[in-house]
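Structure, as structure tokens:
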Amino acid sequence: MNPSYDLRFEIQKLKKEKDVTILAHFYEEGEIQDLADFVGDSFYLAQMGQKIQSQAILLAGVVFMAESVKILNPEKTVLVPDLNAGCSLVEGSPYVDYLAWRLKYPTGIAVTYINSSAEVKAISDVIVTSSNAQKIVESIPKDQPILFGPDQNLGRYLSTKIGRPFELWPGDCEVHVLFHAQRLYELIQAHPEARVIAHPECDESVLKYAHVVGSTSRLLEEVKNHPAKVFIVATETGIFHQMKRLRPDVELIQAPTADQCGCNNCPYMKLNTLEKIKRTIVSFQPQVNVSEPLRKRAEISLQRMMDITIGKKVEWPREFQPPKI
Ligand code: 13P
Ligand code: SF4
């Protein structure tokens with residue numbers, strides 16, 4: 001018998017016995033996406049955490065995604081297959097430096113991408129993901145400056161889109177910045193019929209060639225619904241799994257990188273494996289935990305995101321008060 005089939009079967013049995021729901025991001029390996037109870041973008045995963053009935057959730061993605069689920073659902077046990085599944089945006093925005101930056105603009109609204117640590121969320125006013133960011137920044141009072149971090153490319157894209165200046169934190173995604181504008185231009189010349197779709201974490205020189213810029217779920221929706229027969233895709237490779245399933249009839253070409261490696265794999269997402277998932281369900285380790293004072297403060301900015309996304313009106317702070325965490 002195929003060993004990975006065997007493992008999948010064992011995991012299915014174990015998660016039922018131990019009442020664990022598996023959530024997976026679109027950048028995971030196909031076999032992990034197929035095994036998961038729910039697969040989605042980072043907003044969907046945060047939202048599903050609040051809807052799931054089981055006592056334990058295993059998040060096959062990166063640790064900041066699991067932390068967001070824990071912050072919103074402190075009573076649940078939140079498991080990850082590998083605690084080293086970080087993110088270059090999280091690493092590039094240490095709490096002390098982010099706080100110093102934030103303190104320079106006390107009347108500003110700190111809009112922070114969900115790809116950030118719990119500590120950084122705790123000193124932010126609102127969290128965004130690429131699927132709701134535009135709606136959220138558009139709802140900020142016009143008389144308050146906007147600070148946006150830690151992804152400068154998403155921030156720059158939004159600032160241009162809504163015609164408002166942002167103070168940008170200089171962080172980026174080490175995977176998406178590899179896409180190369182000149183080589184993409186040449187690829188488009190070779191495939192003029194292609195629909196070009198890109199994640200907003202790409203550099204603006206790449207985004208300017210995209211017909212559609214959006215979250216992983218928005219890019220999937222485009223592949224599902226657009227009549228094009230060729231798509232050039234500027235995002236992480238894991239998403240091809242769902243794209244192929246939705247449109248087996250189309251040609252999917254990954255946008256090129258400078259060195260022609262064609263290897264836009266997120267090294268953090270790809271730390272997760274079926275073996276580690278099985279081990280985690282058996283041992284109930286590693287768990288993601290957040291101290292209660294930190295969790296309570298980070299929950300405010302995450303909950304504001306949830307509320308605006310579903311159309312609720314929210315109060316905005318007029319001045320930043322550094323929390324005691
Ligand atoms: P999405 O919210 O679009 O799924 O993006 C998450 C991410 O980490 C992209 O690199
Ligand atoms: Fe972070 Fe980039 Fe990986 Fe997304 S693809 S988790 S932004 S390093």
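Mind giving me the nanometre distance, one decimal, between the label points for T160 and L252, set 7 Å out from Cα along Cα→Cβ?
2.6
For the peptides 249-257, 80-88, what is the packing order when you average, over each peptide's residues, the other Cβ atoms within 10 Å and list the highest mean first?
Numbers: 249-257: 17.3, 80-88: 20.4.
Highest mean packing first, the order is 80-88, 249-257.
When each pair of different Cα atoms in the stretch 146-190 is counted once in the 1/r mean, what is the Kirkwood radius in angstroms, to one decimal? Show your work: numbers first, answer last.
On the way: mean 1/r = 0.0843 Å⁻¹.
Kirkwood radius, the stretch 146-190: 11.9 Å.
If you count, for each residue, the other Cβ atoms within 10 Å and average over each peptide, how do 273-282, 311-320 line up from highest to lowest?
Numbers: 273-282: 18.6, 311-320: 11.0.
Descending packing order for the listed peptides: 273-282, 311-320.
Could you give the nm distance between label points at D6 and E186, where each point is 7 Å from its Cα heading toward the beta carbon?
4.7
Run the paramagnetic zone check for E75: 7 angstrom along Cα to Cβ, then residues of the stretch 22-62 with backbone nitrogen under 13 Å.
Under 13 Å, as judged by backbone N against the label point of E75, lie 50-56 of the stretch 22-62.
Based on the alpha-carbon gyration tensor of the stretch 62-139 and its eigenvalue square roots a ≥ b ≥ c, which shape applies: rounded if a/c is under 1.5, prolate if not and a/b is larger than b/c, or oblate? The partial results should precede the final answer.
Details: a/c = 1.92, a/b = 1.45, b/c = 1.32.
Prolate, since a/c reaches 1.5 and a/b exceeds b/c.
Please report Rg over Rh for the stretch 148-298, where both radii come from the alpha carbon positions and Rh follows the Kirkwood definition.
Details: Rg = 18.1 Å, Rh = 17.4 Å.
That ratio is 1.04, to two decimals.
Of the beta bridges DSSP finds with both residues in the chain, what % are antiparallel, to the nearest 5? Write out the running numbers ahead of the final one.
Values: 2 of 33 bridges.
The answer is about 5 percent antiparallel.
Over what distance in Å are the Cα centres of the stretch 207-273 and the stretch 306-324 separated?
Comparing the Cα centres of the stretch 207-273 and the stretch 306-324, I get a distance of 33 Å.
Using only the Cα atoms, work out Rg/Rh for the chain, with Rh taken as the Kirkwood radius, to two decimals.
Working: Rg = 19.7 Å, Rh = 20.3 Å.
The Rg/Rh ratio comes out at 0.97.
In terms of the Cα gyration tensor, with a ≥ b ≥ c the square roots of its eigenvalues, is the stretch 180-254 rounded because a/c is under 1.5, prolate because a/b exceeds b/c, or oblate? Could you put the intermediate results ahead of the total?
On the way: a/c = 1.82, a/b = 1.28, b/c = 1.42.
Verdict is oblate for the stretch 180-254.
Would you mind checking K104/K208; K16/K296; K13/K70; K15/K276; K121/K161 for any pair whose Cα atoms are more than 20 angstrom apart?
Details: K104/K208 32 Å; K16/K296 31 Å; K13/K70 24 Å; K15/K276 13 Å; K121/K161 24 Å.
Pairs exceeding the cut-off: K104/K208; K16/K296; K13/K70; K121/K161.
Any cysteines in the chain with zero other Cys Cβ atoms under 4.7 Å from their Cβ? List them, or say none.
By the Cβ distance rule, which asks for a partner under 4.7 Å, the isolated cysteines are C87, C173, C202, C266.
Separation between the K224 and C261 pseudo-spin-labels, each 7 Å from Cα along Cα→Cβ, expressed in nm?
Calculated label separation equals 3.2 nm.
Subtract the Cα-Cα distance of I325 and R279 from 0.36 nm times their separation in residues, and report this length gain in nm to one decimal. Write down the numbers at each step before the final one.
Numbers: separation 46, 0.36 × 46 = 16.56 nm, distance 3.27 nm.
Working it through step by step, the gained length comes to 13.3 nm.
Would you list which lysines come within 21 Å of K244, measuring only between C-alpha atoms, while excluding same-chain residues fewer than 8 positions from it?
Excluding near neighbours in sequence, the set is K224, K229, K270.
Tell me the relative contact order for the chain as a rounded percent, counting alpha carbon contacts under 8 Å between residues six or more apart. Present the calculation step by step, with values, prior to reporting the outcome.
Numbers: 626 pairs, mean separation 76.1, N = 325.
Relative contact order comes out at 23 percent.
If you take the square roots of the eigenvalues of the alpha-carbon gyration tensor of the stretch 67-207 and sort them as a ≥ b ≥ c, do you get rounded (a/c under 1.5), prolate (a/b over b/c) or oblate? Show your work: numbers first, answer last.
On the way: a/c = 1.99, a/b = 1.34, b/c = 1.49.
Oblate.
Given R₀ = 22 Å, what would the calculated FRET efficiency be for E138 paired with Y105, taking r from the Cβ atoms and rounding to 0.05? Please report the intermediate quantities before stating the final value.
Values: r = 19 Å, r/R0 = 0.88.
About 0.70, to the nearest 0.05.
Have a look at C87, G163, P106 and report the one farthest towards the positive end of the charge dipole of the chain, computed about the Cα centre with Cβ charges (Lys/Arg +1, Asp/Glu -1).
P106
No lab work stands behind these numbers, since they all come straight from the coordinates. From a predicted model like this one, the values you see are computed outputs, not experimental measurements. Neighbour counts run over all protein chains shown; Cβ positions are idealised from the backbone, glycine included.
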